[in-house]
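Take a look at the structure set out below.
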Amino acid sequence: MKTYKVGICDKDLDYATALMDFINTDNSKRLSMMVFSSYKAIKDYLSVQDLDLVITDDISACDKTEEGYEYQGVNS
């Protein structure tokens, strides 16, 4: 069973951290969530690791594609 790695970048770090904690306590391990404080932090992470999805409250750094938005090749 694949575990999807999801990054969340939100101005409200308390909300993002609470959501990450909630998702990561799920015993099914279908999702693994990480919180990032900036797009630079996501970019640095992506230089050595992969993400399956980026959730953000600010799409200004994202690229519009036919399927929606993406950041550094990761769906947003």
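Heavy-atom accessible area per residue, the chain, 1.4 Å probe: how many Å²? Don't skip to the answer; put the middle values down first.
Numbers: 5120 Å² over 76 residues.
The answer is 67 Å² per residue.
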- Item | Reachable lysines from K43, criterion Cα separation under 22 angstrom, eight or more residues apart if same chain | K5, K11, K64
- Around D57, with a cut-off of 12 angstrom between Cβ atoms, what is the net charge of the other residues, counting Lys and Arg +1 and Asp and Glu -1? -2
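Using the 2.2 N^0.38 Å rule of thumb for compact globular proteins, work out how the chain stacks up: its C-alpha Rg over that value, please. Don't skip to the end; give the middle numbers.
Details: Rg = 12.2 Å, N = 76, 2.2 N^0.38 = 11.4 Å.
Rg over 2.2 N^0.38 Å, computed on Cα atoms: 1.07.
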- Of the chain, which part is the longest with no trypsin sites (Lys or Arg not before Pro) in a loop (DSSP not H, G, I, E, B) and with at most 10 other C-beta atoms within 10 angstrom? 12-76
- Message: Not counting ligands, DNA or RNA, and with a 1.4 Å probe, what is L53's accessible surface area in Å² rounded to the nearest 10?
- Response: 60 Å²
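So, with a 1.4 angstrom probe, what is the percent of accessible area on the chain that is carbon and sulfur?
Details: 2600 of 5120 Å².
Carbon-and-sulfur percentage of accessible area, whole number: 51.
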- Task: In whole Hz, with x marking every Gly and Pro, tabulate ³J(HN,Hα) for segment 53-61 from phi via Karplus 6.51 cos²θ - 1.76 cosθ + 1.60, θ = phi - 60°.
- Result: 7, 10, 9, 8, 9, 9, 8, 4, 9
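The values are calculated or read from the model by the stated rules, or taken from the named source; none is laboratory data. Bear in mind that the values here come from a model prediction, so they are computed numbers and not experimental data. Using ideal geometry, Cβ is built from the backbone for each residue, glycine included, and neighbour counts are taken over all protein chains shown. Protein only, heavy atoms only, side chains kept; ligands, DNA and RNA dropped before computing areas. Shrake-Rupley method; radii C 1.70, N 1.55, O 1.52, S 1.80 Å.
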